[in-house]
Amino acid sequence: MTMMQKFLGAAATLALSAGASLADPALIYDLGGKFDKSFNEAAHVGAEKWKADTGNSYNEIELQSEAQREQALRRFAEAGNNPIVMTGFAFGSVLGEVAPDYPDTKFAIIDMVVDAPNVRSVVFNEHEGSYLVGMMAAMASESGTVGFIGGMDIPLIRKFACGYVQGVKAANPDATIIQNMTGTTPAAWNDPVKGGELTKAQISQGADVVYAAAGGTGVGVLQAAADEGILSIGVDSNQNHLHPGKVLTSMTKRVDIAVYDAFAGGMDLETGFNVLGLAEDGVGYAMDDNNAPLVSDEMVAAVEAAKAKIVAGEIAVHDYMSDNACPVK
Amino acid sequence: MDFATVLQVFDSTVRLATPLLLACLAGLYSERAGIFDIGLEGKMLAAAFFSGAVAAVTGSVWLGLLAGIAASMALSGIHGLASITFRGNQLISGVAINFLAAGLTVVIAQDWFQQGGRTPSLVGGARFSPIELPFAEAVKDVPIIGQTYYQLISGHTALVYIAFAMVPLTWWLLFRTRFGLRLRAVGENPAAVDTAGVSVIGIRYAAVAICGLLCGIAGAYLATALQAGFVKDMTAGRGYIALAALIFAKWRPWYALSSTLLFGFLQAIALRYQNIDLGGFVVPVQFMDALPYILTVVILAGFVGKAIPPRAGGEPYAKER
């Protein structure tokens, strides 16, 4: 009975808060879940920072299935939340349909471009950040073989892979890169066992630095790499602390900044196309006490030089999503 | 492909096949006794969570294993209660268990650890470490045999050896003991067993309990041996592949070993060579992932041999109408 009371109580609170939350911003996390130690968690951090800075509240929901995307979006819009921020490419088609129905509501989508007058599309130049960590991987590798493990096989993840490959080749033209994708369904974001097995397979093929761009699956990749005594590279959030001394660096993608900015924009959110790259510090590589012993001054110097050149436009890192092809393998 | 690569692929096969084998044998006991069980996935998931959680809190992997087994057996008890005592639909009860486990594990994990439905990473004694078999180091340079022994046979965790030991044990128990004969009879013709004065209910509960035990070991293997902690939905459909393997194995222990090894091998190949190029014709990785299910359908359709399930499978036993 107490269980039932709890449920009813929770439902009542939800209903109340929905009514009281006029013009509060809302955040929708993708299937990986709020605490994936990666992409969605970064969004959560940004929202919490906004909450701490402004003292305002926001609404959030973690999706449990594909079917909830449109439902969650419409529900927030009808409840008067504004702006509504969603993380993940998978919202693209749904938002394209929903956005025109609520012309007074502002939406922000991260990692995808939706062309509508009330939508801000935030995309990151992941290929630039991946280029930098690729250079570091090549310089840290002793075997000359490095690995890449992606999550779901989608153009966005291939963009990571392509930037990484270009970076590796820039630092060591003779390097071999082994690329694997975990799967072709959303389950590929949450299969650490398969991630670990893929890592072991890459290690047995000679890889001694592995870059994981795979959401929750990446946790398994980093674990297997630490177990086998090789280096790994985290993604999205700073994952260096997961295995101190075993994670070379993390390709950070400042989803937190994107969410913070969108929330701060409020109802007057500037819509349109918003690119965060190296120049805007939207992507980068993570340095802290956990990986300081692993990264030599020489590596930092080389990476900083490359970063300056990319920002200045002297090095053009190819974007896989521009033509769905990668010039180097 | 040199010999070392072959060994690595087989090594990966063993790791991937172990949870399938345990779950497959679990299903075998249950289904041989006439209780269909599609809740293998849910039981493994619950066991994975509780073994990871208890191991993380206590720092002892063996306590974790016990907790995992207990959780899995508790779900087995629910399945037994619904389908044996109350004669409910076994498929529905199994589905309910899958949903229950998928939801509960995440909710409890969030409540206990506040890490978004996962357990903290396990370190040191909270994980199963590989066992080095005797003489493995000494013979590792002996070509073929020594290498095979060192790479493939030695260096797995205790649960792997337990899983493989379960195969002859299951065969002996089912086909060479009185209990086994009764268990199989209960799945074929429960009325006959009842006439002989043996409790159908008791035998079926025993079978379901063994099923829970084995699923518990399988779940603990995922969370505390292969990985270092529980992650949401980490079984990723392995319970269903185990069911497919059970049908493929025609409900026999030794066939179960070969079918799970085959499915594990297919996964290992798919992980190692994503798209296989057969001279101009590329086999996509999705095909390799789907192959276990395709093979099962082929078997079920009667193209290769005949898969005959236990005759009383799925039917609750009522003593008197």
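Cross-link check: pairs A:246/B:140; A:49/B:43; A:253/A:309; B:43/B:319 evaluated at a Cα-Cα cut-off of 31 Å; pairs beyond the cut-off: A:49/B:43.
So which aspartates and glutamates can residue A:51 reach, going by Cα to Cα under 16 Å and dropping same-chain residues fewer than 8 places off? By straight Cα distance, residue A:51 reaches A:24, A:41, A:60, A:256, A:261.
Of the residues A:232, A:65, A:57, the one that moves most in a GNM of chain A with alpha-carbon contacts below 10 Å is A:65. Across B:197, B:68, B:117, mean-square fluctuation computed from a Gaussian network of chain B (C-alpha pairs under 10 Å connected) peaks at B:197.
Membrane-span-like helices in chain B: DSSP H runs reaching 20 Å or more (Cα, own axis), mean Kyte hydropathy at least 0.0?
Within chain B the helices that satisfy the rule are B:3-32, B:40-58, B:61-80, B:90-113, B:158-176, B:200-220, B:253-272, B:285-300.
Take the Cβ-Cβ distance between residue B:250 and residue B:115 as r, set R0 to 41 Å, and report the resulting FRET efficiency rounded to the nearest 0.05. After rounding to 0.05, the efficiency reads 0.45. Here the range B:3-300 is assigned +1 on the Cβ of each Lys and Arg and -1 on the Cβ of each Asp and Glu. Its dipole about the Cα centre then comes out at about 580 debye. Note on residue B:232: aspartates and glutamates with a C-alpha under 12 Å away, same-chain residues under 8 apart excluded, are A:36, A:191. Near the amide H of residue A:285, within less than 5 Å, lie the amide hydrogens of A:252, all on another chain or at least 5 residues away, with H placed in the peptide plane.
Below 13 angstrom from the Cβ of residue B:306, what's the summed charge of the other residues (Lys, Arg +1; Asp, Glu -1)?
+2
Comparing B:199, B:121, B:60 in a Gaussian network model of chain B where C-alpha atoms under 10 Å apart are linked, the largest mean-square fluctuation is found at B:199. Full extension of the chain segment joining residue B:153 with residue B:108 gains 12.5 nm, where the gain is 0.36 nm per residue of separation less the Cα-Cα distance.
With each pseudo-label sitting 7 Å past Cα toward Cβ, what's the residue A:104-residue B:199 distance in nm, one decimal? Between residue A:104 and residue B:199, the label points sit 6.9 nm apart.
Listed by chain and number, the lysines whose C-alpha is less than 20 Å from the C-alpha of residue A:329, apart from same-chain residues fewer than 8 away, are A:159, A:169.
With q set to 0.05 Å⁻¹, the log10 of I(q)/I(0) for the protein assembly as shown, from the Debye formula over equal scatterers at the Cα positions, is -0.25. Cysteine residues of the protein assembly as shown whose C-beta has no other cysteine C-beta under 4.7 angstrom: B:24, B:211, B:215. Considering only beta bridges that DSSP places wholly inside chain A, some 5 percent are antiparallel.
With a Förster radius of 22 Å, plug the Cβ-Cβ distance of residue B:189 and residue B:86 into 1/(1 + (r/R0)^6) and report the FRET value to the nearest 0.05.
The formula returns an efficiency of 0.50 here.
Considering all different alpha carbon pairs of the range B:3-300, the Kirkwood hydrodynamic radius works out to 19.9 Å. An oblate overall shape is assigned to the range B:1-57, the ratio a/c of its alpha-carbon gyration tensor axes (a ≥ b ≥ c) being 1.5 or greater and a/b not exceeding b/c.
Distance from the C-alpha centroid of the range A:59-94 to that of the range B:132-166: 51 Å, rounded to the whole angstrom.
Counts of other chain beta carbons within 10 angstrom of each beta carbon in peptide B:230-238 average 6. When the Cα convex hull of chain A is projected onto planes of every orientation, the mean area is 17.7 nm². Coupling constants for the range A:253-268 follow from the phi torsions by the Karplus curve (6.51 cos²θ - 1.76 cosθ + 1.60, θ = phi - 60°), and in residue order they are 10, 7, 4, 4, 5, 4, 5, 4, 4, 5, 4, 5, x, x, 6, 9 Hz; glycine and proline get x.
Since every read-out is calculated from the coordinates, none of them should be taken as a lab result. Since the structure is predicted, the reported quantities are computational estimates derived from the model, not experimental observations. Please note: Cβ atoms are built from the backbone with ideal geometry, for glycine as well, and neighbour counts cover all protein chains shown.
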